[in-house]
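The values are calculated or read from the model by the stated rules, or taken from the named source; none is laboratory data. Predicted, not measured: the structure shown is a model, and the values here were computed from it. Cβ placement follows ideal geometry from the backbone for every residue including glycine, while neighbour counts extend to all protein chains displayed. When the accessible area is computed, the model is the full protein with side chains, heavy atoms only, and any ligands, DNA or RNA have been set aside. Shrake-Rupley method; radii C 1.70, N 1.55, O 1.52, S 1.80 Å.
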Amino acid sequence: MDDQQVLDRIDQLVKEEEELLHRHEGEGLDDDEHARLDELRVQLDKAYDYLRQRRSLREAGEDPDDASMRDGGTVEGYGQ
């Protein structure tokens with residue numbers, strides 16, 4: 001996946017997240033919607049991490065295609 005494809009994926013995920021949140025303003029989300037929102041946030045974190053890896057490799061003069069999509073547990077654990 002090249003940078004533009006990653007950015008397109010991020011855009012899709014953000015749009016879905018916003019639609020989900022705006023669709024239920026004032027009402028709250030049900031359990032399935034909360035689960036989907038959590039999954040969207042993990043997928044966004046993974047996509048941003050992958051994009052950062054690609055950019056870092058490129059800046060270091062290496063091949064950005066050597067970047068790899070990390071699993072959600074790894075990416076989610078960064079802030080802790």
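So which residues in the stretch 7-20 are open to solvent by 70 Å² or more (accessible area, probe 1.4 Å) and either without any contact (Cβ under 8 Å) to a residue 24 or more places away in the chain or in a loop (DSSP other than H, G, I, E, B) (or both), if there are any at all? Correct list: D8, D11, Q12, K15, E18, E19.
Only residues that are without any contact (Cβ under 8 Å) to a residue 12 or more places away in the chain and surrounded by 14 or more Cβ atoms within 10 Å (Cβ to Cβ) were counted in the stretch 59-80, giving 0.
Across the stretch 22-49, the qualifying residues are those that are farther than 30 Å from D63 by Cα, open to solvent by 70 Å² or more (accessible area, probe 1.4 Å) and part of a helix (DSSP H, G or I), and the one among them that is modelled with the lowest pLDDT is R23.
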